[in-house]
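See structure below.
The values are calculated or read from the model by the stated rules, or taken from the named source; none is laboratory data. Treat the numbers as computed from the prediction; the structure is a model and nothing was measured. Here Cβ is always computed from backbone atoms with ideal geometry, including for glycine, and neighbour counts include all displayed protein chains. Ligands, DNA and RNA are excluded from the accessible area calculation, which covers all protein heavy atoms including side chains. Shrake-Rupley method; radii C 1.70, N 1.55, O 1.52, S 1.80 Å.
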Amino acid sequence: MAVALPSFFTAIMIMSRLMAFIGISKNNDMSSKLQALDIAPKLSHDPSAIESASQDFGHIVKAAPQAVLLPSSPRDIASLVNFSYSNSVPFSIAARGNSHSLNGQAMAKNGVVIDMTSMKSGNGTGIRIASDGSYVDVGGQQLWIDVLNATLGLGLTPVSWTDYLYLTVGGTLSNAGISGQTFRYGPQISNVYEIDVITGTADFVTCSPNNNSDLFYAALGGLGLFGIITRARIPLEPAPKRVKWVRMLYTDFLDFTRDQELLISKNGRNDNKALNYLEGSLLLDQGSLDNWRSSFFPPQDQPKIISLITKFRIVYCLEIVKHYDSQTKTTVDKDLQQLLKGLSYLPGFMFEKDAKYEEFLNRVHSEELKLKAKGLWDVPHPWLNLFIPKSKISDFNDGVFKSIVLKRNITTGPVLVYPMNRKKWDDRMSAVIPDEEIFYTVGLLQSSGFDDWRTFEDQNKEILQFCEKAGIKVKQYLPHYTTKVGWVNHFGSKWSTFQKRKLQFDPKLLLSPGQRIFNNNQ
């Protein structure tokens, strides 16, 4: 079977392209068939719905579907998938959550986009907390902010998050879901008991590590290519009340990374002495200090920080958080001091806040509202997110941060750089990370105008070219490649398994065409 896979996929890709070509001339026929379905009243052809489904947060790629499904339950989704799967000319289907994708990953040109969020007010899976408080069942269409609010009402919380909470559960679990908690608790995909998935053959499957495990591991981090996640069971723990929130500044990159690696070495999930969150970022001499990463700093201290940035052009910021509640309130400061003992941050450049737990987790939203008020949110986002092996992070700093980024002088958004522990990930899942035990995530979270985003894309290409020439084996997070070779290199040793899973769970290549992996023309 393994030997036949490449030829099989060559044949199926040719067939899919032919069917797509035929499908263009049969759009009206398909539309009439769709109207005969029991879900027809939930299929929207409204120009505003089509326009919305043709765009995403990236605002770089645009692709119009024929229709948008507004399901009220997972059964509606299964009906749509079954219709396409049984059709002589199948059409592509993309599940769309809060549309935070960057390069059209949640689009379906000439196909159907499923607006997952429409189930929030219908009969889809909502948010149901177990009677013993050990887990929460969450619909794939639910936003993480709603999960937070629902669980906090009972003094409970998930432990692994993303920086931005206005993302759907199904969306982040289809990628990985990372943030400053990942070093200790693992990504969000490592914090799932079971999931419900509608496959590309319209099968509705409940899966876990012990039940339909192949689909469980395929779908988590699987970019939506094996099925649509309609429910996830997420473990819960007692929620803290407040956090000690600290940022420290560095001008020496080796000190900065050495301290980060020291802090994440204490990472036991149940170790009450360990940090709960750690991230790093860059403060660049390329504009004001007023952005969502740097507004943390007290106004009276900002002049000396700006002076430091002006002098060194790059200042490295280490951000950490320690949770506490009424039982640990009297010991949290002592525990934090012990953790920070011996670190090499600049004297006089440590800043601390005391905040509510939910205020910290939802920290990006207030900045989102400010940007929306200024018309600066719905703009192109030519982001680049990378995983860098620890052994090459210093080379990356020299060749990218100190060279490409400073020389081009165009960076307009936060630049993140912080480490993770490989052992907190499950290699059986589809998500791909570097081979080394410690690796860094680097996020260049750029915003641009509609007429100059290509300048930022050129910088991204230069960064990737530098990594290739320097022998830095990067892996993209939220990956985007334009060739099959790029995807094969990305998945590496997982590529064969990835193909087998696609053949098993979506043999007609219906799902997530916007990823451009199995339906790539190059």
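Which of the peptides 152-163, 325-336 is most tightly packed, and how do the rest follow, going by the mean number of other Cβ atoms within 10 Å of each residue? Can you show the working numbers first?
On the way: 152-163: 18.8, 325-336: 13.0.
Put in order of decreasing packing, that is 152-163, 325-336.
Quick check of the Kirkwood formula: for region 204-281, what is the inverse mean of 1/r over all pairs of different Cα atoms, in Å?
Averaging 1/r across every pair of different Cα atoms and inverting gives 16.6 Å.
Roughly what percent of Cα-Cα pairs across region 435-479 reach past 16 Å? Present the calculation step by step, with values, prior to reporting the outcome.
On the way: 485 of 990 pairs.
In whole percent, the share of Cα-Cα pairs in region 435-479 beyond 16 Å is 49.
Going by average Cβ neighbours within 10 Å, how do the peptides 414-420, 366-372 rank, with the highest at the top?
Values: 414-420: 23.6, 366-372: 13.6.
Result, highest mean Cβ count within 10 Å first: 414-420, 366-372.
Rounded to the nearest 10 degrees, what's the angle between the helix 302-312 long axis and the longest principal axis of the chain, both from Cα atoms, 0 to 90?
Rounded to the nearest ten degrees, it is 80.
Compare the peptides 234-247, 164-177 by average per-residue count of other Cβ atoms within 10 angstrom and give them in order, highest first.
On the way: 234-247: 19.1, 164-177: 24.9.
Put in order of decreasing packing, that is 164-177, 234-247.
Relative to the longest principal axis of the C-alpha atoms of the chain, give the angle of the C-alpha long axis of helix 453-469, reported between 0 and 90° and rounded to the nearest 10°.
80
Hey, can you find the accessible area per residue of region 127-238 for me, probe 1.4 Å, expressed in square angstrom?
Details: 2950 Å² over 112 residues.
Accessible surface, normalised per residue, equals 26 Å².
Mind listing P(r) for the chain? All alpha-carbon pairs, 20 Å bins, whole percents.
For the chain, the pair-distance distribution reads 22, 56, 21, 1.
What's the magnitude of the charge dipole for region 127-238 around its Cα centre, counting Lys and Arg as +1 and Asp and Glu as -1 at the beta-carbon? Answer in Debye, nearest 20.
Details: 4 positive and 9 negative charges, 25 e Å.
Charge dipole of region 127-238: 120 debye, to the nearest 20.
Please compute the per residue accessible area over region 242-476 with all protein chains in place, 1.4 Å probe, rounded to a whole number of Å².
Numbers: 10760 Å² over 235 residues.
For region 242-476, the per-residue accessible area is 46 Å².
Strictly over 19 Å apart at the Cα level, which of Lys244/Lys341; Lys273/Lys322; Lys241/Lys329; Lys109/Lys500; Lys266/Lys473 would you flag in this model? Don't skip to the end; give the middle numbers.
Details: Lys244/Lys341 16 Å; Lys273/Lys322 9 Å; Lys241/Lys329 10 Å; Lys109/Lys500 25 Å; Lys266/Lys473 26 Å.
Violating the 19 Å Cα-Cα cut-off are Lys109/Lys500; Lys266/Lys473.
Over the Cα atoms of region 242-476, what is the Rg over Rh ratio if Rh follows Kirkwood? Before the final figure, lay out each step's value.
Details: Rg = 18.1 Å, Rh = 19.0 Å.
A ratio of 0.95.
Separation of region 96-120 and region 459-501 by C-alpha centroid, Å?
Result: 24 Å between the Cα centres.
Calculate how steeply helix 74-86 sits against the longest principal axis of the alpha-carbon atoms of the chain, using the helix alpha-carbon long axis, and give the answer as 0 to 90 degrees to the nearest 10.
50
If the viscosity is 1.306 mPa s and the temperature 10 °C, what Stokes-Einstein diffusion coefficient in µm²/s follows for region 428-522 when Rh is the Kirkwood radius over Cα pairs? Walk me through the numbers on the way to the answer.
Working: Rh = 15.4 Å.
Diffusion coefficient, whole number: 103 µm²/s.
When the accessible area of the chain is split by element with a 1.4 Å probe, what percent falls to carbon and sulfur?
On the way: 11030 of 21530 Å².
Within the chain, the accessible surface is 51 percent carbon and sulfur.
Cα centroid distance between region 34-89 and region 411-451, in Å?
Rounded to whole Å, the Cα centres lie 31 Å apart.
What would the Debye equation give as log₁₀ I(q)/I(0) for region 127-238 at q = 0.21 Å⁻¹, counting only Cα atoms as equal point scatterers?
One equal scatterer on each Cα of region 127-238 leads to -1.12.
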